[in-house]
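Sharing a structure, written as structure tokens. Questions coming.
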Amino acid sequence: MFNFALNVLPFARFQFAMTTIFHYFFIPMSIGIGLSVCIMETMYAITKNKIYQTMTKFWGRIFLLAFAVGVVTGLIQEFQFGMNWSQYSRFMGDIFGAPLAIEALLAFFLESTFLGVWMFTWDKFKPAWHALMIWLVFLASAASALWILTANSFMQHPVGYKLTSSGHVEMTSFKALLTNQQLWYEFPHVISSCIVTGSFIVAGTSAWMIFRKKSVGFFRKSMRLGLVLGIVGCLGAVTSGDLQSGYLIKDQPMKFAASEGIYNHTENPAPWSVFQLTNTKTHQEYGKIEIPYMLSFLSYHKFSGSVAGMDEANRALHKQYDGKFGKNMDYSLNVNVLFFAFRLMAAGFGGLTFIALLGLWFSRRRKNTIVKQKWLTFILFLATFAPFVINTGGWLFTELGRDPWVVYGLLPIAKAVSPSTSPASVIFTIIVYFLLFVTLASCMVFYAKKSLYKGPESIDKTIDYDNDDPFSKEAFNK
Amino acid sequence: MSFLQFFWYAVICFLFIMFLVLDGADFGAGMAAKLLAFRPAESNMIVRSISPHWDGNEVFLVAAGGSMFATMPFWYASLFSGFYLLLFLVLVSLIFRGVAFEFNNVAETPKGKNAWMWATTLSSTAAPFLLGMLFTAMIQPVPMDNHGNIFVGLFNVINPLSILGGIAVTALCLYQGLHFFTLHANGIMRYRAASLAGNLYWAAYPVEVLFAIALFFETNFFEEHLLSTLTLLVLIVLTTFWGHLSTGMHKEVQAYVANSLTIAFVVMLIFVGLFPHVLIAQNPVNSLLIKNVSSSPFTLTVVTIVLCILLPILTAYFIWSYIIQWKRHDLSEFENTDKGAY
């Protein structure tokens with residue numbers, strides 16, 4: 001066979017990143033839109049107003065599309081640990097497998113069974129019971145996030161384990177896994193960002209339809225619901241993110257210092273760098289813009305205190321791990337990616353909150369003032385795509401910041417990959433997955449757009465969707 | 001081997017049986033969507049019978065994979081990294097199968113709908129075929145080193161036994177799909193499905209005989225477990241005959257039960273034949289044994305407790321979802337409507 005001495009590791013890593021990022025486009029979509037649909041159907045069950053039923057069905061279609069792509073791309077996740085990362089699976093199976101198995105038994109069965117029931121029993125159940133089905137789907141998908149994050153949190157911060165003589169980890173406490181501090185910072189953050197994603201899809205695409213002056217009353221209602229949920233999600237994401245970075249300073253000082261681009265111990269009080277480009281070889285910084293006191297405030301919520309730099313963190317890591325892993329471990333991180341990923345999240349959630357408030361303000365009156373604010377509806381439409389970028393940035397931040405470990409302090413990434421897998425197979429599967437993803441994403445966007453443009457009229461023709469209030473005689477004047 | 005290790009080996013076997021019995025019907029209906037149907041309305045009627053259930057049924061595969069990871073990580077790691085490309089193709093076909101239902105439903109043009117219906121049929125054929133190949137390739141002695149890393153060549157994956165295994169699983173799924181559909185259909189389609197199944201059953205016997213012969217030459221099932229292998233092979237032929245007979249006599253429930261049993265016996269044949277191994281190396285000292293591939297007793301206890309709590313609840317709502325959605329559909333529901341399968 002060919003032997004170009006190609007190393008399988010970078011390809012396996014690339015494949016994991018690619019398949020996971022793509023999968024994670026659709027997971028927050030289905031969890032987030034799922035919550036919107038839950039609320040819409042609950043409103044219908046309470047008010048018995050037909051427009052909420054139409055809303056449920058209308059956004060339900062888009063939800064189903066996202067759900068379908070999310071499920072099938074999730075299959076890859078379940079199997080690629082064994083395929084590309086067999087050494088990891090052997091090392092971690094005792095701990096990692098359990099949350100995965102529980103995720104399937106507890107969450108996947110529940111969500112897919114009740115989704116199947118929900119889709120086909122509109123006439124069979126009373127609205128309240130029917131709404132309960134979709135709530136179960138939403139809760140199950142949130143539960144699946146909890147279990148997979150339990151596994152992820154162990155990789156970031158191992159707890160409740162022991163190392164065996166044969167060199168792999170064994171679980172000693174299941175409770176420790178579930179009460180991992182990392183998990184309880186990560187889980188609310190992830191769920192909040194899922195809510196942001198779904199809500200801004202509902203709000204942003206509604207804004208686009210308002211921009212096109214189609215069924216304005218219907219889409220104004222949908223948009224306002226999306227914006228309110230979106231603000232709740234943004235606040236949750238920022239709060240949990242802030243708590244998480246406070247934890248990060250103590251738990252993974254290297255990751256934190258890299259995300260702030262600091263090599264040397266900062267002065268006290270520490271300034272916060274809004275923008276800088278870092279040369280990771282010479283440790284020089286270019287184009288730095290700083291806000292005084294801000295880093296102290298962000299880190300400790302007070303205007304004093306200094307933060308350790310990467311040099312210090314690097315020395316500490318060598319001191320801690322050289323005995324076991326040797327002096328040649330490279331603990332340096334991709335500073336620029338981490339630095340901007342962090343700012344992307346902060347600016348993203350802030351920006352989204354701001355335009356959501358604007359959107360709510362301009363659509364506050366019953367008469368359709370929002371139709372005239374074309375600039376705003378257009379910006380809101382663009383905001384549909386922002387959460388995807390923010391989510392990806394967040395995961396790149398967390399996972400690249402774990403370098404060089406796959407399991408923090410226990411297993412370096414290089415030792416996790418499958419020894420029997422050839423680079424050729426991985427490159428081949430990367431190409432096929434890539435083509436597959438392009439196809440899936442284009443079809444999904446194409447059909448979602450079709451669904452959107454068909455409008456609520458395609459579900460129930462008897463309602464006047466241009467008017468805000470279906471019971472008022474006062475029709476909106478085009 | 002501890003009791004829990006044996007228990008989880010049986011649980012994984014059970015999950016694969018449930019997967020092939022339940023999702024097998026979905027694969028079969030997917031195949032029938034082009035094989036049995038001549039018009040879009042007929043395809044839609046067939047797909048409608050499985051559309052509330054396929055997603056939940058597929059979870060049995062995910063649960064089986066997850067359980068392997070949790071309870072026998074060394075098996076999971078060796079098997080999945082070893083049969084890399086085969087598993088990859090399984091994933092690709094399952095991906096297409098999953099989205100094809102949804103995209104077919106939202107497509108608006110007849111061309112688009114037809115393309116996704118073909119995607120349904122092709123992926124529903126490929127998935128069980130490839131899974132059948134995987135199940136029968138993994139029971140043969142494979143080139144494996146002393147760390148459990150498998151380096152398969154082309155002929156470890158493609159050989160008479162694995163091809164027969166692929167055909168057998170595909171055929172079983174097709175029968176299962178047709179039986180499931182007859183239970184959910186009224187009128188002409190119901191009888192056409194039964195008649196197609198009845199005719200196709202004739203192909204089962206030669207495949208089963210050839211399969212038994214290939215099993216004799218390419219595995220050590222007959223040396224290690226002569227009695228149970230022979231018993232299961234006889235049972236497979238008997239239940240096939242029962243399924244065939246009851247299809248001919250229009251006993252639909254019996255036919256479904258009979259074919260479910262055939263599927264269960266085939267999976268049991270594999271798991272009993274492998275026992276107490278999970279993978280057999282060409283150099284026997286490297287073979288993986290259940291007792292060596294398992295998780296720690298602590299982890300096994302944790303997942304056993306979780307399973308014992310969840311399984312009754314899961315079974316209850318799973319059966320409930322089938323019962324409340326059981327309905328015989330008429331072809332007329334699907335004529336002259338642009339609604340598609342749902």
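With respect to the cross-link table entries A:LYS57/A:LYS454; A:LYS255/A:LYS281; A:LYS374/A:LYS461; A:LYS250/A:LYS327, which display a Cα-Cα separation exceeding 21 Å?
A:LYS374/A:LYS461; A:LYS250/A:LYS327
Per residue of B:312-323, how many C-beta atoms from partner chains lie within 10 Å of its own C-beta, taken as a mean?
3
Still on this structure, I have one more. Using 0.36 nm times the number of residues separating B:PHE155 and B:PHE38, minus their current alpha carbon distance, what extension gain do you get?
38.3 nm
Could I ask something else about it? What's the lysine pair count for the range B:3-334 at a Cα cut-off below 27 Å, pairs eight or more apart or interchain?
Lysine pairs meeting the criterion: 6.
Sticking with this one: Within 10 Å, count the other beta carbons around each residue, average over each peptide in A:247-254, B:279-286, B:43-50, B:263-270, and list them highest first.
Peptide ranking by packing, descending: B:43-50, B:263-270, A:247-254, B:279-286.
On a full-extension model of 0.36 nm per residue, what is the gain between A:MET294 and A:ALA424, subtracting their alpha-carbon distance, rounded to one decimal in nm?
Here the segment from A:MET294 to A:ALA424 would lengthen by 41.9 nm.
A further question on this structure: Hey, what angle do you get for helix A:386-400 against the long axis of chain A, alpha-carbon based, 0 to 90 degrees rounded to 10?
20 degrees
Between the helical axis of B:188-200 and the dominant principal axis of chain B, each derived from Cα atoms, what acute angle in degrees is found, rounded to the nearest 10?
With rounding to tens, the tilt is 40 degrees.
While we're here: A:THR369 to A:TRP122: extension gain in nm, 0.36 nm per residue of separation minus the Cα-Cα distance?
85.4 nm
Now, a different point. Skip the ligands, DNA and RNA, and give the accessible area per residue of chain A with a 1.4 Å probe, whole Å².
41 Å²
Here is a follow-up. Using a 1.4 angstrom probe on heavy atoms only, work out the carbon and sulfur share of the accessible area of the range B:3-334 in %.
77 percent
For chain B, what is the calculated [θ] at 222 nm in deg cm²/dmol (nearest 500), taking -39500 (n - 2.57) for each run of four or more DSSP H residues and dividing by its residue count?
Calculated at 222 nm, the ellipticity per residue is -25000 deg cm²/dmol.
With every protein chain left in place, what is the accessible area of A:LEU277 in Å² (1.4 Å probe, nearest 10)?
Here the residue's solvent-accessible area equals roughly 90 Å².
Which of B:ALA171, B:ALA316, B:ALA33 ends up with the largest GNM mean-square fluctuation for chain B, with Cα atoms connected below 10 Å?
Largest GNM mean-square fluctuation: B:ALA316.
Using only protein heavy atoms and a 1.4 Å probe, how much accessible area in total is buried between A and B, to the nearest 100 Å²?
Summing both sides, the interface buries roughly 5900 Å².
Then there is this: Can you run the Rg to Rh ratio on the protein assembly as shown? Use alpha carbon positions and the Kirkwood inverse-distance Rh.
Reported Rg/Rh (Cα atoms, Kirkwood Rh): 0.99.
Answer with one residue from A:THR150, A:VAL202, A:GLY359: the one whose Cα lies farthest towards the positive end of the charge dipole of the protein assembly as shown, charges on Cβ with Lys, Arg +1 and Asp, Glu -1.
About the Cα centre, the residue reaching furthest to the positive side is A:GLY359.
Please report, largest first and rounded to whole Å, the three semi-axes of the ellipsoid equivalent to the range B:1-144, where each semi-axis is the square root of five times an eigenvalue of the C-alpha gyration tensor.
Sorted largest first and rounded, they come to 33, 16, 12 Å.
Determine the shielding of peptide A:63-69 by partner chains: average, over its residues, the number of Cβ atoms on other chains within 10 angstrom of each Cβ.
What the average comes to for A:63-69 is 4.
On a 0 to 90 degree scale, rounded to 10, what angle separates helix A:109-120 from the longest Cα axis of chain A?
Approximately 20 degrees, to the nearest ten.
Among B:GLU42, B:GLU252, B:GLU108, which one shows the biggest mean-square fluctuation in a GNM of chain B, springs joining Cα atoms closer than 10 Å?
Most flexible of the set in this elastic network: B:GLU108.
Further, regarding this structure: Please report, as a whole percent, how much of the solvent-accessible surface of the range A:314-469 comes from carbon and sulfur atoms (probe radius 1.4 Å).
Of all accessible area on the range A:314-469, carbon and sulfur atoms account for 68 percent.
Ranking request for peptides A:430-442, A:344-356: highest mean number of other beta-carbon atoms within 10 Å first, then the rest in descending order.
A:344-356, A:430-442
Averaged over A:173-184, how many beta carbons belonging to a partner chain fall within 10 Å of each residue's beta carbon?
That works out to 1 on average.
May I ask you to list the residues of the range B:243-278 whose amide nitrogen lies under 20 Å from a point 7 Å from Cα along the Cα→beta-carbon direction of B:PHE6?
B:268-278
Given that compact globular proteins tend to follow 2.2 N^0.38 Å, what is the ratio of the alpha-carbon Rg of the range B:3-334 to that value?
Scaled against compact globular proteins, the figure is 1.00.
The values are calculated or read from the model by the stated rules, or taken from the named source; none is laboratory data. Fair warning: this is a prediction, and the values are worked out from it, not measured in the lab. Positions of Cβ are generated from backbone atoms using ideal geometry, with glycine treated the same way; all protein chains shown enter the neighbour counts. With ligands, DNA and RNA removed, areas are computed over all heavy atoms of the protein, side chains included. Shrake-Rupley method; radii C 1.70, N 1.55, O 1.52, S 1.80 Å.
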